[in-house]
Amino acid sequence: MRPAAGEVLHFSEDPTITRFVPHVAATSAEPDPYVWAVGYERAPDYWFPRDTPRAMAWVEPGTTPEDRERIIGAGSGVRVHAVEYRALEAMRAVRLYGYRLPAAPFRPIGAAAHALVATEPVEPLGPPEPVGDLFAAHEAAGIQLRVLPNLWPFWDAVVGSTLGHSGIRLRYAAARPRR
């Protein structure tokens, strides 16, 4: 599920939201109240149950061929998402919904501008749409989905590379392996 032109998306496991009101999320580093959404490129970052830790990497213009092959893999597309084995059942069972919101009230936030925020209440453009099978969504988008016993070795390799990357809910990941 991706937004169409003039839209952004908000993903939720709650199919009953009729109006999004700015608030300070409990986990937010931002002190101001916002309505959060994502655009086309970052929508796949949210094809997961809310609290699933995930590490993601993608090819950018400055990515070296060595980093691409080492982390993404030869002939394996341009993007990879990684989760831990313990996330699989939740990914199979979750009912995730995408809310299409008008793009006009939203602006990028942060240096990487990975998310979009609005400072006013926003009403969805229609009823929430089921995202459906999260594995199928990744496959249809050509995104590798890796399942690992522990995210930290992958994450450390990604952040030390020339790939673009994002880690979401990593505080819920298994403990770092001892060295």
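Being closer than 30 Å to Thr18 by Cα, within 15 Å of the chain's Cα centre (by Cα) and not hydrophobic (A, V, I, L, M, F, W, C) is true for just one of Gly167, Gly132. Which residue is that?
That would be Gly167, the only listed residue that is closer than 30 Å to Thr18 by Cα, within 15 Å of the chain's Cα centre (by Cα) and not hydrophobic (A, V, I, L, M, F, W, C).
Condition check: among the acidic types (Asp, Glu) and either in contact with a strand residue (DSSP E or B) (Cβ under 7 Å, 6 or more places away or on another chain) or surrounded by fewer than 12 Cβ atoms within 10 Å (Cβ to Cβ) (or both). Does Glu139 satisfy that?
no
Using the structure shown, decide if Glu69 is touching a residue at least 24 places away in the same chain (Cβ under 8 Å) and either in contact with a Ser or Thr (Cβ under 8 Å, 6 or more places away or on another chain) or among the acidic types (Asp, Glu) (or both).
No: the conditions fail for Glu69.
Got a number for residues in segment 118-135 being farther than 16 Å from Ala87 by Cα, among the hydrophobic types (A, V, I, L, M, F, W, C) and surrounded by fewer than 19 Cβ atoms within 10 Å (Cβ to Cβ)?
Within segment 118-135, residues that are farther than 16 Å from Ala87 by Cα, among the hydrophobic types (A, V, I, L, M, F, W, C) and surrounded by fewer than 19 Cβ atoms within 10 Å (Cβ to Cβ) number 1.
Check Phe11 against each of (1) surrounded by 14 or more Cβ atoms within 10 Å (Cβ to Cβ); (2) over 17 Å from the mean Cα position of the chain (by Cα); (3) under 19 Å from Ile109 (Cα atoms) and name the one condition it does not meet.
Only one criterion is unmet by Phe11, namely (2).
Scanning segment 158-176 for residues that are touching a Pro at 6+ places or on another chain (Cβ under 6 Å) and assigned to a loop (DSSP other than H, G, I, E, B), which turns out surrounded by the fewest Cβ atoms within 10 Å (Cβ to Cβ)?
Top of the filtered list is Arg169.
Is it true that Asp32 is loosely packed, with under 12 Cβ neighbours inside 10 Å and among the charged types (D, E, K, R)?
Yes, satisfied.
Taken together, the values in this text are just the output of simple stated rules run on the coordinates, not laboratory data. Just so we're clear, the structure is a prediction, and the values are computed from it rather than from any experiment. Because the Cβ atoms are built from the backbone with ideal geometry, glycine has one as well, and the counts that use them run over all protein chains shown.
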